[in-house]
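S.K.: Before I ask anything, let me first share the structure, which is written out below as structure tokens.
The values are calculated or read from the model by the stated rules, or taken from the named source; none is laboratory data. Values in this document were obtained by computation on a predicted structure and should not be read as measured data. Counting neighbours? That spans all protein chains shown, and the Cβs are built from the backbone with ideal geometry, glycine included. Accessible surface is based on the protein model in full, side chains and every heavy atom, while ligands, DNA and RNA are left aside. Shrake-Rupley method; radii C 1.70, N 1.55, O 1.52, S 1.80 Å.
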Amino acid sequence: MEQRRYKAIFFDLDGTLLPMDMDEFLAKYFKLLGEYAVSVGLDAQRFNNALTGGVRSMAVDSSDRMNDEVFWTTFHELYGEDDPGVDARINEFYGTVFPHIGDGFEPNPAAARAVATLKRKGYPLFLTTMPMFPRLAVDWRCQWAGVNPGDFERITTYDNSFACKPDLRYYRQNLQIAGCTGSEVLMVGNNTHEDLAAMELGCDAYLVTDWLLDPVHFPIDTVKHGSLADFADWAETLPAYEKTGE
């Protein structure tokens, strides 16, 4: 079968470029965020309920509102409008406490190698990570992974994206911004449900198996797959990017 010619490469971050157990990360993240909220004067139970509700709203929202608007609207409805400065106080968490979640992380050198290889070959790179975080939180996770956020033409965050994986509206938005059809994009990810959903729009896929998540029992042998090091090796074999019809 002839190798596809890609016009863009979409990368997942957590569990793909960043060697991370998502359950451990999220448990630590929510624990530290809850402790931080209390330290800046927020009520623990109300904050917890509002945070959980806001995250759930982003996951299920079907409007075209950006995810940050969906989150904060729900958060304030549940927490109460008597504390209008809560947004600023919570956002300070991402510049102070959040960076230390990555203390002790060992990046996989294959992440930087894969990104550098594809960047050198001229491919437009998109970091299509779950858009539930502000940009600073994504930049820190890139740093833990040993990759430069500046290498990506677009990084999905909660203030520039609507819908969340595996909602196909999320992928359609990114395809539109990339100026690509699905068949012109390679999606690189580790989650068969959230990342390989892009295949429903015609995207090709490479499933990274170091931190594989397979909640849908996907027939893995039907798609390109391997470790992140395998992917970095495979990226070396791709031809240089060629602009066509532009």
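S.K.: Label-point separation (nm) for Glu242 and Leu212, each offset 7 Å from Cα along Cα-to-Cβ?
M.R.: Taking the two extended label points, one gets 3.4 nm.
S.K.: What does the charge add up to near Ile177, with Lys and Arg as +1, Asp and Glu as -1, over the other residues with Cβ less than 9 Å from its Cβ?
M.R.: 0
S.K.: Let me ask something additional. Would you pull out the residues with amide H under 5 Å of Phe11's amide H, same chain only if 5 or more places away, H placed 1.01 Å from N?
M.R.: Counting only residues 5 or more places away or on other chains, the set is Phe126, Leu127, Thr128, Val188.
S.K.: Mind scanning Lys31/Lys121; Lys121/Lys224; Lys7/Lys31; Lys165/Lys243; Lys31/Lys224; Lys121/Lys165 and naming the pairs with a C-alpha gap bigger than 32 Å?
M.R.: Values: Lys31/Lys121 41 Å; Lys121/Lys224 20 Å; Lys7/Lys31 40 Å; Lys165/Lys243 28 Å; Lys31/Lys224 36 Å; Lys121/Lys165 28 Å.
Among Lys31/Lys121; Lys121/Lys224; Lys7/Lys31; Lys165/Lys243; Lys31/Lys224; Lys121/Lys165, the Cα-Cα distance tops 32 Å for Lys31/Lys121; Lys7/Lys31; Lys31/Lys224.
S.K.: In the neighborhood of Val115, defined by Cβ-to-Cβ distances under 13 Å, what is the net charge if each Lys or Arg adds +1 and each Asp or Glu adds -1? Walk me through the intermediate numbers first.
M.R.: Values: positive: Arg113, Lys119, Arg120, Lys121; negative: Asp12, Asp151, Glu153, Glu236.
Net charge in that neighbourhood comes out at 0.
S.K.: Describe numerically, in nm with one decimal, the distance between label points set 7 Å from Cα along Cα→Cβ at Arg46 and at Glu106.
M.R.: In this crude spin-label approximation the distance works out to 4.5 nm.
S.K.: Cut-off 18 Å, label point 7 angstrom out along Cα-to-Cβ of Ser63: give me the residues of segment 144-175 whose amide nitrogen falls inside.
M.R.: Only 158-164, 169-170 pass the distance filter.
S.K.: Okay, moving on. Helix 109-120 versus the longest principal axis of the chain: what is the Cα-based angle in degrees, 0 to 90, to the nearest 10?
M.R.: 60
S.K.: So, one more: Kindly express, to the nearest 10 degrees and within the range 0 to 90, the angle between helix 168-178's C-alpha long axis and the longest C-alpha principal axis of the chain.
M.R.: So the inclination is approximately 60 degrees.
S.K.: Which angle from 0 to 90°, rounded to the nearest 10, does the C-alpha axis of helix 22-39 make with the longest principal axis of the chain?
M.R.: 30
S.K.: Give the ranking of His193, His76 by solvent-accessible surface, highest area first, calculated with a 1.4 Å probe. Working shown, then result.
M.R.: Details: His193 85, His76 25 Å².
Result of the area sort, largest leading: His193, His76.
S.K.: Hey, rough spin-label estimate for Lys28 and Leu201, points 7 angstrom out along Cα→Cβ, what's it come to in nanometres?
M.R.: With each label point 7 Å from Cα toward Cβ, the separation is 3.2 nm.
S.K.: Another question about this same structure. So, counting K/R as plus one and D/E as minus one, what does the shell of residues with Cβ under 13 Å around Glu153 add up to? Show your work: numbers first, answer last.
M.R.: On the way: positive: Lys7, Lys119, Arg154; negative: Asp151.
After counting each charged neighbour, the total is +2.
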